[in-house]
């Protein structure tokens, strides 16, 4: 089995007055037929907090029947894992607001790499984006982040 290196970006609802947390998920295959899927959760507090995890599955030991092992399966699985990590973050860090924030299901909105480009250009969470680039092994994501790192940052001034 050979997965096409792919990634997706999802925005969550804001946790307060800060930007919205976002999740980057990846799926790809490396040597020896091992399927990999990663998730990166950026919580926009301070300069940004990054949580990340890589999952590995030996596709040779995956049974053929009933479930198709593909990019969709892995991307959906790691997205669920990242959503659980976001819920845990809220529970551990949002104090009295946690029950209100956790009272509903975490809704995510799919977006594209332009979201990451906008964050980079405005100078938001650049450290997190650099760390994602360093930690990921997904060539599609790495190539996109290398391109984004070459973009100029906006020069803003108050009027």
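Please treat every number below as a calculation from the coordinates, not as lab data. Because the structure is predicted, anything quoted here is derived from the model rather than measured. Glycine gets a Cβ as well: all are built from the backbone with ideal geometry, and neighbour counts include every protein chain shown.
Some notes on this structure:
- Here the residues 111, 144, ranked from fewest to most Cβ neighbours within 10 Å of their Cβ, fall in the order 111, 144.
- Against the main long axis of the alpha-carbon atoms of the chain, helix 139-149 sits at an angle near 20°.
- Distance from the Cα centroid of the stretch 1-76 to that of the stretch 114-139 is 15 Å (rounded to whole angstrom).
- Sequence of 118, 85 once ranked by neighbouring C-beta atoms within 10 Å, starting from the fewest: 118, 85
- Ellipticity estimate at 222 nm from DSSP helix runs (n ≥ 4, -39,500 (n - 2.57)) divided over the chain, nearest 500: -11000 deg cm²/dmol
- Counting beta carbons within 10 Å around each of 8, 54 and listing the fewest first gives the order 54, 8.
- Dividing the convex hull volume of the alpha carbon atoms of the chain by its residue count gives 127 Å³ per residue.
- Computed from Cα positions, the angle between helix 126-135 and the longest principal axis of the chain comes to roughly 10 degrees.
- Stokes-Einstein D in µm²/s, Kirkwood radius over Cα pairs - the stretch 1-91 at 37 °C with 0.692 mPa s viscosity: 234
- As a ratio to 2.2 N^0.38 Å, the alpha-carbon radius of gyration computed for the stretch 102-146 takes the value 1.37.
- Here the stretch 78-159 yields Rg over Rh of 1.06, to two decimals, using C-alpha coordinates and the Kirkwood radius.
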